[in-house]
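Below: the structure, in structure tokens.
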Amino acid sequence: MKLSHIQDLFAGGLFVLAGVAFLWAGQDFEIGTARNMGPAYFPSLLAVLQLLLGLAVLVSAFQTQDLPSEPLAPTDWRGLLLICGSVVLFSQLLPLAGFLVAGPLLVLLASLATPETPMRHRLLLAVGLTAFCVLVFRVGLDMRFPLLPPGLF
């Protein structure tokens with residue numbers, strides 16, 4: 001076997017590693033059955049699917065076709081840090097400022113990862129996603145999280 005696609009090797013390895021990590025992290029929770037699902041049922045199912053996908057990608061890295069292999073593109077550290085940082089900021093800001101402040105900030109900060117997006121589109125996306133999330137999670141699923149900062153109501 002000859003390694004022909006280094007990108008697939010790395011991607012498949014990350015998928016397998018993440019699938020194994022999620023399976024290991026959920027081992028203390030009850031899985032249950034398809035009829036009576038426990039808290040680990042669906043996450044474990046997703047972890048197994050991710051593990052299988054990773055194995056398939058790993059196998060594809062060793063295909064013997066004569067396809068040209070492209071070099072790895074440089075990592076976009078700015079975009080990676082902006083997206084990860086926006087999620088961390090959201091998690092810390094939500095209990096203090098409420099969802100109507102933390103949600104749009106999450107979207108606006110993460111949208112800076114692609115600087116060519118016009119500010120008008122970023123603002124529309126922030127407002128639209130925040131409204132959608134409030135409708136789905138607060139109204140539809142009746143999840144209780146603060147919408148406004150605690151001192152305002």
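Grab the other residues whose beta carbon is less than 15 angstrom from that of T114, score K and R as +1, D and E as -1, and report the net.
+1
For a test of the definition: using alpha carbon positions, the gyration tensor, and the 1.5 limit on a/c, classify the chain as rounded, prolate or oblate.
Oblate shape, in that a/c is at least 1.5 and b/c is the bigger or equal ratio.
Decide, for the stretch 9-96, between rounded, prolate and oblate: order the square roots of the alpha carbon gyration tensor eigenvalues as a ≥ b ≥ c, take rounded if a/c falls under 1.5, and otherwise choose prolate if a/b is larger than b/c, else oblate.
Since a/c reaches 1.5 but b/c is at least a/b, the shape of the stretch 9-96 is classed as oblate.
Calculate for the chain the 222 nm mean residue ellipticity that helices alone would give, adding -39,500 (n - 2.57) per DSSP H run of length 4 or more and normalising by residue count, nearest 500 deg cm²/dmol.
-19500 deg cm²/dmol
Laboratory data are not the source of any read-out in this text; all were calculated from the coordinates shown. No experiment lies behind these values; they were computed from the predicted model shown. All Cβ positions, glycine included, derive from the backbone under ideal geometry; neighbour counts span all protein chains shown.
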